[in-house]
Structure formats: structure tokens, C-alpha cells
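Structure provided below as C-alpha cells; questions to follow.
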Amino acid sequence: MDNSELGLHARFLRGLAVSPDRDAVRVAEESITYRAAHELALTWAGSLLAACPDPPRAVGVLTGRGVHSYVAILACLYAGAAVVPLQPDFPAARTRQMLDSAQVSALVADLPGLRAVPGADVPVLLVGEVPEGERPPGSTLPSAAHALDRPRAARGSDPAYLLFTSGSTGRPKGVPISHDSTTYYFDLLDRRYDFSPEDVFSQTFDLNFDCAMFDLFCAWGAGATLVWVPPLAYRELPRFLLDQGVTVWFATPSAISLVRRMGGLGAGTLPGLRWSFFAGEALQCQDTADWQRAAPGSLVENLYGPTELTITITGHRWSEAVSPKLAVNGVVPIGAPHPGHEVLLIDAQDRPVAEGADGELCVTGPQLTRGYLDPAEDEGRFLEHGGRRWYRTGDRVRWVAEGELAYLGRMDAQVQVQGWRVELAEIDHALRGCAGVQDAVTVAVTRAESAELVVFYTGVDTPPAGLVRQLREVLPERMIPRRYHHLEQFPLNSNRKVDRGVLRARAADLLTVC
């Protein structure tokens, strides 16, 4: 194999070989073929290298949503640099922290990106329509004169991309994922799934969310087409998916309730889907069953994995006959670990738990990151055990039948209420069984060193006394929340997950005025 075909960008080169004239990406009315994207990325990569005094190790992509955003990612890889996807709607100070942490030595930016972080002090390659008056001094336009003949080779140990997660210190934590890890991951997916050039993948995630890498490089590795799903598409999702020919769907579980509210989850309303994936939140059995009825021709999988373990590390394929029996608190199991990985469950003292007991999930194997960009952030997130390094996920799990794992909630979702250890997921599950409740999220607010439980729920607005009466049938008295607030819908963050931080803040405000 040619050295230029090593690394994450080799996924695109595979797609180029089988589908040169097929659309690689579609965003709204824009589209670009594999052949055109390849030629443009070679030009942009060469222009990046020409603009930098030294070959860049990390390049930030700071663009609005458009076809050029995807070409920019490919161009960074072609230039032999790690991609750092950024969001123009993030606070400028946060974006600058990311640029500094990743030691970004160049930017690919469009007009929204330039306006989000003005005055960047690294070379900037301008893409999209940027009026001459808004071009910063020293910025560069792509030039065909600098086009590369072929992508630059990548070393397996080099980072392919850098993503950022929230940090306990208030600063985002940078997670480098190597070419070796992505090669292992996508080779595994190639063996597990039957994606083909005829497939059309949805893209519901922002490009700075790791699940977007699943969509993008699974599609490109198969020579398939990637289609961005705009927020307004959820109003009539069945029509959108039909018009675009989408066959592979991937979203957070919150999308299911959103589609349901919009009336798009009737029986057989999503007939074109072959595969449906969900990740990023606990997936409810009832939601999965409803989605399966809407997409009867689709295989449905619940995927799980933190950024530090390269996108996803376990998977469970839904079976209406088997999955509910393995579920805990109505949550679909997260499945079996990927081949080549080992799992360790530990207690609060970092000791392996007894067989059958709950514990914090730790994982080691080829998908594990080597550590955060700032080594000081590694403390408390990695564990040395048995001569190996393990990532501590912070998630409580339990082994269930068939060698699969059941997700029980975050370690920090277990709270003390009047001396009782309370798992918030258990309360949520009980609430979903109450008449009229569609979904529920329980949060804990500390007042005078004790935890006050506050429930937010969707569905029918029900008097609190009615909910308490039903909960008393399934929960001990001390586990029953006293405060309930009806919402038309939950607040979602940029990745369309339920924004629990917003709910906790709202709960604190509600308790303050009580």
C-alpha cells in the first residue's frame, strides 16, 4: 500500500476508488462528489502547507455548516495534520482555550468562523465566501498552484483528530485520538456492518462531537453519501429521509421523543432505513420499540463509548424478544465490549468488584487514547491495574446475560437522600411508568448539605399528588421526590442530548423561590 493511503484519510480514498462521481456530502442545496472533494482537499492541503513555516501538527477547522466544512477536515488530514473541529457559536474565550491547548498552528475558517474568533494569531486559510474587507491580515486563499499530488503520509501514533470534553476545572479537556485507534475502530465496523456505496448516511451531530466521525468515515469508507439533517427536518422527518434516500440513521435517543412529538413515529413511517444507531444517552426500551415499529426494515443498535475510547466501545443489537429481559430500569443494554478490549469493574476504593456486582466501568485496549493533551488532566481518569492502563468511564454498569453490560447511570448520579443511596435512573424509570408521563429526568440539588430531588417530566400535566400516589406503589418513601415540574420538552444541548446542567440550574432557581 502507498504510504499516502495510511491513516484516517484512507477511508476517503477507499470511497473515491469505488464512487468517484457519487456525492460524498450533501448539505442543504450543496453537494460535492468524491472526485471534486479529493481535488479540492489536495489544493487546500497544499495551500495550508505553503502558508505555514513548518508543517502543521494540528489545524483548527472553524467553519459554519456547509460542504466546505467536510472538505476542510479532509484537507487537514491530507496535510498530515490532526483535525481540531471547532464551533463558531461557542464563546470566543472557550475557542481560544481550545486553540491554545491543541497548539493549533493554522486555521481553516469561513466568515462565521472569522467573526467568532477575530484576530487569530496563526495562518488562516479562508474558505467559502469571505468579502475582501473581512479578510484578516496574513490570511491565505486556496491556490491550485500549491495543490498536492497526493495526501501526505501519516504515522499511526500521530493524532488523527483532537476533540474536547468538559473539564472539572472549568477548562475543556483535549482528547487526541490516533490514526492507529481509528484504523482499528473502523476496520472492526467494516466487519460488523454491510455498508455499501448505495447507502445514504444521516449526520445529526455537530462536527466537534465524536459520533460525527462515525457517520463521516463509515460513509466515506463505503463510498456512500453523507447528508446533514438540519433541525427543521425533524418537523417532517419521514419526508426528509425519504426525499434524501437515507438508509443509515444515527442520533442521540432524545431524537426519538422529538420525532414522536412531531407525529413522525407511526407504524412504518421510516421504511427506507436499513440501520438505526443511537448513542450518547441512556436508550429506553419503549423508545426503541417505537422506533423499530416505525422502521420495520432496520436493524437497531444501542452504541456506547466515551470520546477517550474512540467513538464507541460497546454495542447491543435490539431484539424485541431478548433486549427487554436484559434491560435494567427500562434501559437497553449497552452490549458487549469490542474485540481486543478488556473490561474491569471497580468499587469506590478502586478494587475489582465481586462477580455479579455493580461497579465503575474501566476499559483498556487499542481504542484507548494515550491521555489528555494536558497530562495533569489524566489524574483520576486513568487507572493502573495488572500492569495495564485503563480508562475510568465514570459510568456504573453490571454484567447481564449473553456477556453484555447494562448501563446503570453515572457514578455521580447516585445521591444520598436522608442516608439512602438513590440512583436517579431508577426514579426516572418509575416515573415513566406513571399514567400520562412520556419521559422524566430527576436532578438532585444540594440544600443545607442534603439533596433535594426535583423531577422534570413531559407528557400530560399531572397534579403532583397523582404522581406521588403512583410512585408509592414502586418506590420506598424516602426515594420519592417532593417537587415536580411539567415541561413541553426538555432543553437540549448542541448535540441534542438532554441538557441536565440546564435542568439542575432551573431546579436550583425553583427551590430558591419556594
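The values are calculated or read from the model by the stated rules, or taken from the named source; none is laboratory data. Just so it is clear, the model here is predicted, and its values are computed rather than measured. In this analysis, Cβ positions are derived from the backbone assuming ideal geometry, glycine residues included, and neighbour counts consider all displayed protein chains.
Testing residue 208 on (1) of a type outside the set (Gly, Ala, Ser); (2) modelled with pLDDT of 95 or more; (3) surrounded by fewer than 23 Cβ atoms within 10 Å (Cβ to Cβ), one condition comes back false. Which one is that?
It fails just one condition, (2).
Within the bounds of the stretch 333-342, is there any residue that is over 14 Å from residue 407 (Cα atoms) and either part of a strand (DSSP E or B) or among the polar types (S, T, N, Q) (or both)? Give the derivation first.
Within the stretch 333-342, the first condition is being over 14 Å from residue 407 (Cα atoms), and the residues that meet it are 338-342.
Now drop any that are not either part of a strand (DSSP E or B) or among the polar types (S, T, N, Q) (or both), which leaves 342.
Looking for residues that are over 14 Å from residue 407 (Cα atoms) and either part of a strand (DSSP E or B) or among the polar types (S, T, N, Q) (or both), one finds at least one in the stretch 333-342, hence yes.
OK, next. From the list 274, 261, pick out the single residue that is closer than 21 Å to residue 495 by Cβ, basic (Lys, Arg) and either touching a strand residue (DSSP E or B) at 6+ places or on another chain (Cβ under 6 Å) or in contact (Cβ under 8 Å) with a residue 40 or more places away in the chain (or both). Quick ask: steps written out before the conclusion?
Values: 274 fails: closer than 21 Å to residue 495 by Cβ.
Selected residue: 261, the only one of 274, 261 that is closer than 21 Å to residue 495 by Cβ, basic (Lys, Arg) and either touching a strand residue (DSSP E or B) at 6+ places or on another chain (Cβ under 6 Å) or in contact (Cβ under 8 Å) with a residue 40 or more places away in the chain (or both).
Of the residues 264, 268, 221, 280, only one is farther than 20 Å from residue 302 by Cβ and in contact with a Lys or Arg (Cβ under 6 Å, 6 or more places away or on another chain); which?
On the way: 264 fails: in contact with a Lys or Arg (Cβ under 6 Å, 6 or more places away or on another chain); 268 fails: in contact with a Lys or Arg (Cβ under 6 Å, 6 or more places away or on another chain); 280 fails: farther than 20 Å from residue 302 by Cβ.
Residue meeting the stated conditions: 221.
Out of curiosity, is residue 388 within 22 Å of the chain's Cα centre (by Cα) and surrounded by fewer than 22 Cβ atoms within 10 Å (Cβ to Cβ)?
No: the conditions fail for residue 388.
Further, regarding this structure: For the stretch 310-342, which residues satisfy the criterion of being out of contact with any Phe, Trp or Tyr (no Cβ under 9 Å at 6 or more places or on another chain) and hydrophobic (A, V, I, L, M, F, W, C)?
Once the filter is applied, which keeps residues that are out of contact with any Phe, Trp or Tyr (no Cβ under 9 Å at 6 or more places or on another chain) and hydrophobic (A, V, I, L, M, F, W, C), the stretch 310-342 yields 321, 322, 326, 327, 336.
So residue 317 ticks every box in (1) of a type outside the set (A, V, I, L, M); (2) within 20 Å of residue 185 (Cβ to Cβ); (3) crowded, with 22+ Cβ neighbours inside 10 Å; (4) without any contact (Cβ under 8 Å) to a residue 60 or more places away in the chain but one. Which box is left unticked?
Residue 317 satisfies all of (1) of a type outside the set (A, V, I, L, M); (2) within 20 Å of residue 185 (Cβ to Cβ); (3) crowded, with 22+ Cβ neighbours inside 10 Å; (4) without any contact (Cβ under 8 Å) to a residue 60 or more places away in the chain except (3).
Every residue, every condition in (1) within 26 Å of residue 437 (Cα to Cα); (2) surrounded by 22 or more Cβ atoms within 10 Å (Cβ to Cβ), yes or no:
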residue: 243; (1), (2): no, no
residue: 248; (1), (2): no, yes
residue: 296; (1), (2): yes, no
residue: 312; (1), (2): no, yes
residue: 329; (1), (2): yes, no
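On the given criteria, is residue 59 out of contact with any Gly (no Cβ under 8 Å at 6 or more places or on another chain), farther than 26 Å from residue 155 by Cα and at pLDDT 90 or above?
Numbers: out of contact with any Gly (no Cβ under 8 Å at 6 or more places or on another chain): yes; farther than 26 Å from residue 155 by Cα: no; at pLDDT 90 or above: yes.
Spelling it out, it is not the case that residue 59 is out of contact with any Gly (no Cβ under 8 Å at 6 or more places or on another chain), farther than 26 Å from residue 155 by Cα and at pLDDT 90 or above.
If we only count strands (runs of 3 or more DSSP E) wholly inside the stretch 426-511, which ones have 1 or more residues that are among the polar types (S, T, N, Q) and touching a Gly at 6+ places or on another chain (Cβ under 8 Å)? Quick ask: steps written out before the conclusion?
Values: elements: 437-447, 450-459, 483-486.
Qualifying strands (runs of 3 or more DSSP E): 437-447.
Moving to a separate point now. Are any of the residues in the stretch 483-490 farther than 30 Å from residue 207 by Cβ, surrounded by fewer than 20 Cβ atoms within 10 Å (Cβ to Cβ) and touching a helix residue (DSSP H, G or I) at 6+ places or on another chain (Cβ under 9 Å)? Break it down into steps so the answer makes sense when it comes.
Kept after step one, since they are farther than 30 Å from residue 207 by Cβ, are these residues of the stretch 483-490: 483-486.
Cutting the leftovers down to surrounded by fewer than 20 Cβ atoms within 10 Å (Cβ to Cβ) gives us 483, 485-486.
With the extra rule that they be touching a helix residue (DSSP H, G or I) at 6+ places or on another chain (Cβ under 9 Å), the set shrinks to 483, 485.
Yes, the stretch 483-490 contains a residue that is farther than 30 Å from residue 207 by Cβ, surrounded by fewer than 20 Cβ atoms within 10 Å (Cβ to Cβ) and touching a helix residue (DSSP H, G or I) at 6+ places or on another chain (Cβ under 9 Å).
Working only within the stretch 401-414, note down all residues that are within 18 Å of residue 324 (Cβ to Cβ) and surrounded by 18 or more Cβ atoms within 10 Å (Cβ to Cβ).
404, 405, 406, 407, 408
Among the residues of the stretch 250-277, write down those that are aliphatic (A, V, I, L, M), buried (at least 16 other Cβ atoms within 10 Å of the Cβ) and closer than 24 Å to residue 319 by Cβ.
Of the residues in the stretch 250-277, the ones aliphatic (A, V, I, L, M) are 251, 255-256, 258-259, 262, 265, 267, 270, 273.
From what's left, buried (at least 16 other Cβ atoms within 10 Å of the Cβ): 251, 255-256, 258-259, 265, 270, 273.
Passing the criteria: 251, 255, 256, 259, 265, 270, 273.
On the given criteria, is residue 15 part of a helix (DSSP H, G or I) and either modelled with pLDDT of 95 or more or closer than 26 Å to residue 157 by Cα (or both)? Please lay out each step first, then the result.
On the way: part of a helix (DSSP H, G or I): yes; either modelled with pLDDT of 95 or more or closer than 26 Å to residue 157 by Cα (or both): yes.
In short, yes.
Another question about this same structure. Filter the stretch 443-482 down to the residues that are of a type in the set (Asp, Glu) and under 24 Å from residue 412 (Cα atoms), then identify the one that is surrounded by the most Cβ atoms within 10 Å (Cβ to Cβ). First the steps, then the outcome.
First, pick out the residues of the stretch 443-482 that are of a type in the set (Asp, Glu): 449, 452, 461, 473, 477.
Pick out the ones that are also under 24 Å from residue 412 (Cα atoms) and you get 449, 452, 477.
Working: 449: 6, 452: 20, 477: 10.
Filtering first and then ranking leaves 452.
Has the stretch 19-35 got any residue that is out of contact with any helix residue (DSSP H, G or I) (no Cβ under 9 Å at 6 or more places or on another chain), in the same structural domain as residue 99 (by TED's automatic domain parsing) and in a helix (DSSP H, G or I)?
Scanning the stretch 19-35 turns up no residue that is out of contact with any helix residue (DSSP H, G or I) (no Cβ under 9 Å at 6 or more places or on another chain), in the same structural domain as residue 99 (by TED's automatic domain parsing) and in a helix (DSSP H, G or I).
Name the residue, out of 131, 230, 151, 137, that is surrounded by 23 or more Cβ atoms within 10 Å (Cβ to Cβ) and not charged (D, E, K, R). It would help to see each step written out before you state the result.
Values: 131 fails: surrounded by 23 or more Cβ atoms within 10 Å (Cβ to Cβ); 230 fails: surrounded by 23 or more Cβ atoms within 10 Å (Cβ to Cβ); 137 fails: surrounded by 23 or more Cβ atoms within 10 Å (Cβ to Cβ).
Going through 131, 230, 151, 137 in turn, the sole match is 151.
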